[in-house]
Amino acid sequence: MSENLQQPKKSQQAWTVEEFEAKKALIEAALYASGYPLELKTLCSITKVYSKKKVYELAKSLAEEYRKRNSALEILELDGKRFVMQLKPVYVSRVRRLSIKPLLTEGPLKTLSYIAYRQPVPQAKVVAVRGQQAYEHIDKLVEMGLVKREKLGKSHILRTTKLFADYFN
């Protein structure tokens, strides 16, 4: 036996169980948070493991764990060594209505931002700036509790509510 054998560098050593599990947890968090397929290079960056082979092994191990636990979620490997976390197809139709959708589409959101910036603002002014569709936007915003409409003579004054302040911080 040779006496001058060098210890392998930390990057060449096997991970401890805790390190391995921590790296897999980072991959799991990234896949969950992104909502779309991630490439190995992205997963390398997140885990600070710059061997695509090692990150691939981590992702495959995680995918296998999900398969074994018979979860409603799955981690799939896609072409080009990308991974995605998604709901298994059998559950999609049952929970589709619960999926996260934007609170507001672009038009009502622009109307809301105009009201928030200019409040209190006459409804007629909002309609003059945002167009006739603003009536529908305002009705929706009032219904959602984000805007209140106060009668002032023959007109209405618009301002945001406490719910708006709480929601948008």
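Bear in mind that the values in this text are calculations on the coordinates, not laboratory data. Treat the numbers as computed from the prediction; the structure is a model and nothing was measured. Here Cβ is always computed from backbone atoms with ideal geometry, including for glycine, and neighbour counts include all displayed protein chains.
Subtracting the Cα-Cα distance of residue 20 and residue 151 from 0.36 nm times their residue separation leaves 40.9 nm of extension gain. Computed as a quarter of the hull surface, the mean projected area of the alpha carbon convex hull for the chain stands at 16.9 nm². At an R0 of 22 angstrom, the distance between the Cβ atoms of residue 124 and residue 159 translates into a FRET efficiency of 0.90.
By other beta-carbon atoms within 10 Å, ranking 31, 87 with the fewest at the front produces 87, 31. Cβ crowding within 10 Å, taken as a proxy for footprinting-reagent exposure, orders 95, 147, 126 from fewest neighbours to most as 95, 126, 147. Using only alpha-carbon positions in the stretch 97-169, the gyration tensor eigenvalues give semi-axes of 21, 14, 11 Å once each is multiplied by 5 and square-rooted (largest first). Size of the stretch 21-71 from its Cα atoms: along the principal axes, largest to smallest, the extents are 30, 21, 17 Å. Rounded to the nearest 0.05, the FRET efficiency derived from the C-beta distance between residue 106 and residue 69 at R0 = 45 Å is 0.70.
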